[in-house]
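Undergrad: Sharing a structure, written as structure tokens. Questions coming.
The values are calculated or read from the model by the stated rules, or taken from the named source; none is laboratory data. From a predicted model like this one, the values you see are computed outputs, not experimental measurements. All Cβ positions, glycine included, derive from the backbone under ideal geometry; neighbour counts span all protein chains shown.
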Amino acid sequence: MRPIRRDDQGPAVAEIRSILVSLDLLEPAPGADFFDPTTEHAVRAFQQCRGLSIDGRVGAETWRALDAARWRLGDRSLYHSVPDPLVGEDVRALQERLLEMGYDVGRADGIYGGRTAHAVTQFQREVGLTADGSCGPYTMHAIRRLGRKVVGGRPQWLREVDAFRQSGPNLVGKTILVDPGHGGPDRGVVVAEGELRWSEADLAYDLAARLEGRLAAAGMRVHLTRGPMTDQALSDPERTRFANEIGADLLISIHVDGHANPAAEGVATYHYGTGNGVTSTVGERLAGLVQREIVVRTGLHDCRVHAKSWELLRLTRMPAVRVDVGYLTSAGDRRRLIQPAFRDQVAEALVAAVQRMYYPVELDVPTGSIDVRTLRAVVDVPATA
Ligand SMILES: [Zn+2]
């Protein structure tokens with residue numbers, strides 16, 4: 001779908017405006033169906049508070065977020081519906097309340113799936129309501145009343161850390177999904193230089209392939225979301241589904257950035273999180289390791305780690321990060337990205353980050369210190385100890 005953007009007009013714009021009005025991001029103006037600068041401003045504000053990419057346009061991901069945002073907790077009864085689960089902001093609010101109370105709903109992804117229904121059933125049983133897994137007025141009232149009493153930690157994320165620790169320090173047998181961004185007709189950022197054309201899709205695939213070989217050599221089961229020449233572009237929900245279906249332990253998505261300003265440069269890493277303090281602890285740790293290892297080993301400018309609620313990070317059930325390795329639009333970054341030796345350095349930084357994820361904290365090592373060529377030997381030590 002072509003993004004709906006500034007100067008567009010029609011019923012779709014009217015609908016977007018009405019949702020933005022209901023969210024108090026826009027002044028109501030009856031009958032308005034024109035995407036004016038004020039509308040664009042409101043879209044940006046919405047994207048910012050949802051942790052989406054801020055471009056002021058309504059593409060597929062922003063539309064799904066807007067559509068889901070209509071629902072407030074209490075607007076409707078919530079129940080587990082198969083195969084078309086209820087999706088919305090109200091479901092996400094419910095999941096966050098349940099998480100705060102210590103129920104295991106997985107990630108607060110805004111989808112009323114089996115795990116959410118199970119957590120609701122548990123809650124209902126414990127407070128003496130009919131345990132049917134649906135969230136009608138009585139259950140809603142009970143959750144509202146009790147939810148406020150619970151303060152403090154985020155049990156779900158502590159569980160995630162625990163599960164991760166328990167899986168042991170050995171890379172052998174763990175499954176990782178490496179996701180080269182874009183592909184097929186979608187080339188991502190493209191820069192022409194004389195006769196040459198550099199594309200993000202090609203560079204991301206090359207980086208992924210270098211990473212794949214090294215991780216496989218360390219004993220991991222490695223999957224790639226796409227080959228070098230996929231004819232169809234994969235959507236983020238498709239990549240997410242694949243990651244969940246193969247039961248990956250980790251997901252690393254690789255992109256290269258681009259900007260109209262040629263001075264923009266550097267590496268940034270993203271993990272799941274929202275503006276209101278909900279974050280994936282394990283994802284945040286992986287993002288921090290990826291970012292530091294790349295910065296220390298390559299000297300790319302440090303554009304830091306950021307929390308985002310992109311679907312790829314939010315709907316995946318394993319710790320997931322996305323790294324944007326340099327700007328293809330920066331002459332300095334580009335000169336480095338096109339060198340195979342530089343891409344090897346990046347791949348080694350990523351392997352070192354993955355390895356450090358599985359080290360117990362007390363065995364962790366300084367950034368830049370893992371020699372990935374001897375990784376297998378390093379890995380086997382804690383495994384046999
Ligand atoms: Zn990209």
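Yes/no per residue for (1) of a type in the set (Asp, Glu); (2) closer than 29 Å to ILE143 by Cβ:
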| position | (1), (2) |
| --- | --- |
| ALA12 | no, no |
| ARG17 | no, no |
| GLU27 | yes, no |
| ASP36 | yes, no |
| GLY59 | no, no |
| SER81 | no, yes |
| GLY88 | no, yes |
| LEU99 | no, yes |
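Undergrad: Tell me yes or no: at least one residue of region 84-98 is within 19 Å of the chain's Cα centre (by Cα), aliphatic (A, V, I, L, M) and assigned to a loop (DSSP other than H, G, I, E, B).
TA: no
Yes/no matrix, rows are residues, columns are (1) of a type in the set (Phe, Trp, Tyr); (2) under 22 Å from GLU265 (Cα atoms); (3) at pLDDT 95 or above:
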site: LEU289; (1), (2), (3): no, yes, no
site: HIS306; (1), (2), (3): no, yes, no
site: ARG314; (1), (2), (3): no, no, no
site: VAL321; (1), (2), (3): no, yes, yes
site: LEU337; (1), (2), (3): no, yes, yes
site: ALA349; (1), (2), (3): no, yes, yes
site: ASP364; (1), (2), (3): no, no, no
site: ASP371; (1), (2), (3): no, no, no
site: THR374; (1), (2), (3): no, no, no
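Undergrad: Shifting gears a bit: Within region 226-235, is even one residue among the acidic types (Asp, Glu) and either assigned to a helix (DSSP H, G or I) or without any contact (Cβ under 8 Å) to a residue 60 or more places away in the chain (or both)?
TA: Scanning region 226-235, I find at least one residue that is among the acidic types (Asp, Glu) and either assigned to a helix (DSSP H, G or I) or without any contact (Cβ under 8 Å) to a residue 60 or more places away in the chain (or both), so the answer is yes.
Undergrad: For region 38-70, which positions are of a type in the set (Lys, Arg), buried (at least 17 other Cβ atoms within 10 Å of the Cβ) and under 18 Å from the mean Cα position of the chain (by Cα)?
TA: Once the filter is applied, which keeps residues that are of a type in the set (Lys, Arg), buried (at least 17 other Cβ atoms within 10 Å of the Cβ) and under 18 Å from the mean Cα position of the chain (by Cα), region 38-70 yields only ARG50.
Undergrad: One residue is enough: does region 293-304 have a residue meeting the conditions within 24 Å of PHE164 (Cα to Cα) and hydrophobic (A, V, I, L, M, F, W, C)?
TA: yes
Undergrad: Kindly state which helices (runs of 4 or more DSSP H) lie completely within region 103-174 and contain at least 1 residues that are at pLDDT below 80 and under 17 Å from LEU78 (Cα atoms).
TA: In region 103-174, the matching helices (runs of 4 or more DSSP H) lie at 137-147.
Undergrad: With a cut-off of at least 1 residues that are farther than 18 Å from VAL256 by Cα and away from the ligand (no atom under 16 Å from the Cβ), name the helices (runs of 4 or more DSSP H) lying wholly within region 278-338.
TA: 281-298, 311-314
Undergrad: Scan GLU200, GLU212 and give me the residue that is modelled with pLDDT of 95 or more, surrounded by 16 or more Cβ atoms within 10 Å (Cβ to Cβ) and within 16 Å of the ligand (Cβ to nearest atom).
TA: Of GLU200, GLU212, the one residue that is modelled with pLDDT of 95 or more, surrounded by 16 or more Cβ atoms within 10 Å (Cβ to Cβ) and within 16 Å of the ligand (Cβ to nearest atom) is GLU200.
Undergrad: What are the pairs, 6+ residues apart or on separate chains, where a residue within region 97-120 that is over 22 Å from ALA320 (Cα atoms) and surrounded by fewer than 18 Cβ atoms within 10 Å (Cβ to Cβ) has its Cβ under 9 Å from a residue that is modelled with pLDDT under 80 and among the polar types (S, T, N, Q)?
TA: If the second residue must be modelled with pLDDT under 80 and among the polar types (S, T, N, Q), the pairs left are GLY102/GLN156.
Undergrad: Name every residue in region 71-80 that is within 25 Å of the chain's Cα centre (by Cα) and either of a type in the set (Ser, Thr, Tyr) or surrounded by fewer than 16 Cβ atoms within 10 Å (Cβ to Cβ) (or both), in order of residue number.
TA: To start, the set of residues in region 71-80 that are within 25 Å of the chain's Cα centre (by Cα) comprises 71-73, 80.
Result: ARG72, single match.
Undergrad: Would you point out which residue out of ASP231, ASP236, ASP257 is out of contact with any strand residue (DSSP E or B) (no Cβ under 8 Å at 6 or more places or on another chain) and within 15 Å of the ligand (Cβ to nearest atom)?
TA: The conditions single out ASP236.
Undergrad: Let me ask something additional. Looking at THR281, THR329, THR269, which is the one that is hydroxyl-bearing (Ser, Thr, Tyr), within 27 Å of PRO228 (Cα to Cα) and surrounded by fewer than 24 Cβ atoms within 10 Å (Cβ to Cβ)?
TA: THR329
Undergrad: Go through (1) within 16 Å of the ligand (Cβ to nearest atom); (2) part of a loop (DSSP other than H, G, I, E, B); (3) not small (Gly, Ala, Ser) for PRO262 and report which single condition fails.
TA: Evaluating PRO262 over (1) within 16 Å of the ligand (Cβ to nearest atom); (2) part of a loop (DSSP other than H, G, I, E, B); (3) not small (Gly, Ala, Ser) leaves (1) as the failure.
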